[in-house]
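Reading through the structure tokens given below for one structure.
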Amino acid sequence: MEAERLIESGRRALAESRGALEVMAEAWQAQALARTVGSRLALLGPMELRGEARALGEIGGGCPAPDHPAVLGRGTRAAQLSGITDVRAALTGLALLLGEAGIALVSVACDTGEDGLYWQCIEAMDAADESLDRVHGLLRRLGERERDGPYGGIRGPAPSAAGS
């Protein structure tokens, strides 16, 4: 599935999440998608983006997805990534998704009385924030590159995302 559609699907799922565990599962789905998009751009994207994209592909890679039926039953949405037709639109959508995930995680962290869940939220917020910073860096570099000429989309087999 194309990146923009996966990102929109993630945004809808996050908005429809009810309860702390569903929000956590969707936040990790968003992080897995960010890693996969980063890995794809690191392999096949414009040379100017590859370093920053590689760093995005590595954020939170050691953090396992929660033992949540929504993740365990379907796997990650990121595994369905078939291509990135419009790099700018995909990165812009990914920035929105990561920002929304961060806000949802703050809400969960503030509402939970469970120490373990609180620290999972903090870890997930850190990963989402770091990923968002990388996505913004990619968008800046892409803007610089676009001044020199347009860049098309990328296709090809999905790279395996660590921790996905």
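The values are calculated or read from the model by the stated rules, or taken from the named source; none is laboratory data. The shown structure was predicted, so the numbers you read here are calculated from the model rather than taken from an experiment. When we count neighbours, we look across all protein chains shown, and the Cβ atoms used for this are built from the backbone with ideal geometry, even at glycine. Side chains are part of the model used for accessible areas, which takes the heavy atoms of the whole protein and leaves out ligands, DNA and RNA. Shrake-Rupley method; radii C 1.70, N 1.55, O 1.52, S 1.80 Å.
Okay, here's what the table says:
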{"read-out": "Length gained when the stretch H136-D115 is fully extended (0.36 nm per residue, less Cα-Cα span)", "value": "4.4 nm"}
{"read-out": "M47 accessible area, assembled protein chains, probe 1.4 Å, Å²", "value": "140"}
{"read-out": "Lys/Arg +1, Asp/Glu -1 at C-beta; region 1-51 dipole; positive extreme among A3, L14, T36", "value": "T36"}
{"read-out": "In Å², nearest 10: area of E48 left accessible to a 1.4 Å probe", "value": "100"}
{"read-out": "Gain on full stretching of the segment that runs from R88 to E123 - 0.36 nm per residue minus C-alpha separation", "value": "9.9 nm"}
